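Below: one structure, written as structure tokens.
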Amino acid sequence: MIKIANVSKVFENGKTKLEAVKDISLKINKGEIFGIIGLSGAGKSTLIRCLNRLEEPTEGKIFINDLELTSLNKEDLRLARKNIGMIFQHFNLLDQKTVYENIAFPLRLEKLGKKQIDARVNQLLEYVDLKDKKNNYPSQLSGGQKQRVAIARAIANNPKILLSDEGTSALDPKTTKSILELLKKIRDEFNITIVMITHQMEVVKEICDRVAIMENGQIVEINTVENLFKNPKTKVAHSFINSLQGNVEEEIINPKNYKGKIIRLSFMGDSAKKPIVSKVIRNFNIDVNILSGNINKLHASSIGNLTLELIGEDDEINNALLFLKNESVHVEVI
Ligand code: ADP
């Protein structure tokens, strides 16, 4: 388990002070894939770098299980960091070294024997599907292959935690998917906790169990991914969901342009199978205008959203809203 307790980070440049992370507290469970999403400059990178003290928090404490990372001296921190692997947007490979040597690097730091290193590197090469690239240099690899090398290097010492700092941001959508699948496989097989920061909702949707949304150094919303899609609370969460392909119509729905009441329905599980809209039309004296609809496929379930205009008397509309709520549909009046 990772516990972040009242962590703040202030950057001081001469007279100017910038509070990049503001009093964040958060618990991340063992084996969880936890996303931190936010726009550029929100403080995500600073926060994730505080988790392994690549960045020293100005205030607050970081615990990995029961060990307080923030209280460790240099040598103990070096030992503790063996449990925390990290991957980066631009891979950070050693350009002058082969794929084999890049993966062997953390094992050599641990002063393992030649045979042990050879066995582990070959095992990792097989795991990330790069056996044939063993003697290549990073410049001879595609972006996805480079990130596979970086992942193999990050997990070489069997860490308990893997941090991803925009690990798929430099990759095309298809390669992103394959890297996310690899990360999920690592979590499933080794029960590693993965914390990933991203500005891409596709990443969150694809593999995260829970997600925190950061804005101006603070966490403004934290939820399971299912509930975030079902019921986003903040404006920034809405805009991230709307940024997904196929969700663009919702962005242009402005209630001022309609005379009726605009509502957004979210369906999940059994409620998605019921003929709810036709029941509303039949049971209440209102007209229904469908403005947009989409389905978001999450890794464990699907969430359907439907934006409707309800036209009719207030009483009838209110009764229809009550009916919808009783049908386990999440209703939001826009
Ligand atoms: P994000 O990862 O969400 O894009 P960052 O954590 O990189 O955000 O940055 C948050 C804020 O902190 C930004 O305003 C950025 O300019 C500032 N910042 C980040 N690193 C430093 C640094 N080393 N010195 C000064 N300011 C920094």
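Condition check ((1) open to solvent by less than 30 Å² (accessible area, probe 1.4 Å); (2) closer than 17 Å to residue 82 by Cβ; (3) in the same structural domain as residue 296 (by TED's automatic domain parsing)) across all residues:
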{"position": "180", "(1), (2), (3)": "yes, no, no"}
{"position": "192", "(1), (2), (3)": "yes, yes, no"}
{"position": "196", "(1), (2), (3)": "yes, no, no"}
{"position": "199", "(1), (2), (3)": "no, no, no"}
Can you list the helices (runs of 4 or more DSSP H) lying wholly within region 131-247 that have 3 or more residues being modelled with pLDDT of 95 or more and either out of contact with any Leu (no Cβ under 9 Å at 6 or more places or on another chain) or under 20 Å from residue 298 (Cα atoms) (or both)? 173-190
Sort out which residues of region 210-222 are open to solvent by 30 Å² or more (accessible area, probe 1.4 Å) and not aliphatic (A, V, I, L, M), and write them in order of number. 210, 215, 216, 218
Select from region 124-149 the residues that are at negative phi and of a type in the set (D, E, K, R) and write down the one among them that is surrounded by the most Cβ atoms within 10 Å (Cβ to Cβ). 148
Restricting to strands (runs of 3 or more DSSP E) lying wholly in region 5-107: which have 2 or more residues that are open to solvent by 80 Å² or more (accessible area, probe 1.4 Å) and within 11 Å of the ligand (Cβ to nearest atom)? 16-28
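Every residue, every condition in (1) part of a helix (DSSP H, G or I); (2) touching a residue at least 40 places away in the same chain (Cβ under 8 Å), yes or no:
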| residue | (1), (2) |
| --- | --- |
| 294 | no, yes |
| 304 | no, no |
| 307 | no, yes |
| 319 | yes, no |
| 328 | no, yes |
In this structure, does residue 78 turn out to be modelled with pLDDT under 95 and of a type outside the set (Asp, Glu)? yes
Within region 249-304, take every residue that is of a type in the set (A, V, I, L, M) and open to solvent by 90 Å² or more (accessible area, probe 1.4 Å) and give me the one that is modelled with the lowest pLDDT. 252
Could you grab the pairs with beta carbons closer than 7 Å, sequence gap of 6+ or different chains, first residue in region 53-76 and of a type in the set (Val, Ile, Thr), second one assigned to a loop (DSSP other than H, G, I, E, B)? 64/83; 70/57
Are there any pairs, at least 6 apart or on different chains, whose C-beta atoms fall under 6 Å, with the first in region 1-15 and of a type in the set (S, T, N, Q) and the second open to solvent by 80 Å² or more (accessible area, probe 1.4 Å), and if so, which? 6/23; 8/23; 8/59
Taking the condition of being open to solvent by 50 Å² or more (accessible area, probe 1.4 Å), touching a Phe, Trp or Tyr at 6+ places or on another chain (Cβ under 7 Å) and not acidic (Asp, Glu), how many residues in region 305-326 meet it? 1
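The values are calculated or read from the model by the stated rules, or taken from the named source; none is laboratory data. None of the values given here were measured: they were computed from a predicted structure. Positions of Cβ are generated from backbone atoms using ideal geometry, with glycine treated the same way; all protein chains shown enter the neighbour counts. These area figures cover heavy atoms from the full protein model, side chains too; ligands, DNA and RNA do not enter into them. Shrake-Rupley method; radii C 1.70, N 1.55, O 1.52, S 1.80 Å.
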